[in-house]
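Report on the following structure.
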Amino acid sequence: MSRTSDHDVALTRRIIGAAIEVHRELGPGLLESIYEEALIAEIRSRGMRVESQVRVPVSYKGLLLDGCYCIDLVVENAVVVELKATGRLLPVHEAQLLTYLRLLDHDVGLLINFNVVTLRDGIRRRVR
């Protein structure tokens with residue numbers, strides 16, 4: 001059963017709007033890091049809080065491992081955003097997003113691939 005709310009839906013729409021604006025300005029073909037920086041600026045300009053490169057530790061049987069996950073963006077401490085600039089999204093990208101949602105105990109995530117002609121074709125919204 002989904003725990004998403006109207007607030008989550010409205011928030012993801014605002015994030016997608018910001019991503020569309022970035023894509024409209026920059027187009028496809030750049031590095032993921034460029035899109036990330038531009039999207040952070042656009043999200044903040046729209047009055048939303050965003051954290052970037054959020055490190056999430058991983059434990060194994062109670063032992064904290066040296067490695068950790070690094071999540072691209074977390075918006076309003078509610079929506080996980082994983083960015084890509086690749087030829088096509090793969091099932092492993094969606095699995096990565098779902099893992100991040102589980103680790104942060106968040107319900108909603110966006111997987112956004114900027115390397116497409118029309119950004120709407122590169123957006124996947126997932127609910128845990």
Two pseudo-spin positions, 7 Å from Cα along C-beta at Ser45 and at Leu26, lie apart in nanometres by 1.2
Cut-off under 5 Å, modelled amide H: who pairs with Ala78 long-range
none
Averaged per residue, the 1.4 Å probe accessible area of segment 1-95, protein heavy atoms only, in Å², is roughly 60
With axes computed from alpha carbons, what is the tilt in degrees of helix 6-26 against the longest principal axis of the chain, rounded to the nearest 10 within 0 to 90?
50
Per-residue HN-Hα couplings for segment 67-74 [Karplus 6.51, -1.76, 1.60; θ = phi - 60°; Hz; x = Gly/Pro]:
x, 8, 8, 10, 8, 4, 9, 10
Let me check against my output: what whole-number percent is the relative contact order of the chain, with C-alpha pairs under 8 Å and at least 6 apart?
24
Only bridges with both residues in segment 22-128 count here: give the DSSP antiparallel percent, nearest 5.
75
Computing the accessible area with a 1.4 Å probe over protein heavy atoms, can you report the carbon and sulfur percentage for the chain?
51
Given [x] -0.83, -0.88; [y] -0.63, -0.69; [z] -0.51, -0.59 as candidate values of log10 I(q)/I(0) by the Debye sum over Cα atoms at q = 0.13, 0.14 Å⁻¹, which corresponds to the one derived from the coordinates?
[z]
Put a dot 7 Å past each Cα toward the Cβ at Val117 and Lys61; how far apart are the dots in nm?
5.3
Hey, what do the phi angles of segment 38-48 turn into as Karplus ³J(HN,Hα) couplings, whole Hz, using 6.51/-1.76/1.60 and θ = phi - 60°, x for Gly and Pro?
5, 5, 4, 4, 5, 4, 5, 5, 9, x, 9
As a test of the formula, what do you get for the chain when each DSSP H run with n ≥ 4 contributes -39,500 (n - 2.57) and the sum is divided by the residue count, at 222 nm and rounded to the nearest 500 deg cm²/dmol?
-12500 deg cm²/dmol
Residue-wise HN-Hα coupling along segment 52-58, computed from phi with Karplus coefficients 6.51, -1.76, 1.60 (Hz; x: Gly, Pro):
10, 6, 6, 8, 10, x, 10
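The values are calculated or read from the model by the stated rules, or taken from the named source; none is laboratory data. Being a predicted model, the structure only gives us computed values, none of them experimental. Note: ideal-geometry Cβ built from the backbone for every residue, glycine included; neighbour counts use all protein chains shown. To get the accessible areas, we keep the full protein, side chains included, count just its heavy atoms, and leave off ligands, DNA and RNA. Shrake-Rupley method; radii C 1.70, N 1.55, O 1.52, S 1.80 Å.
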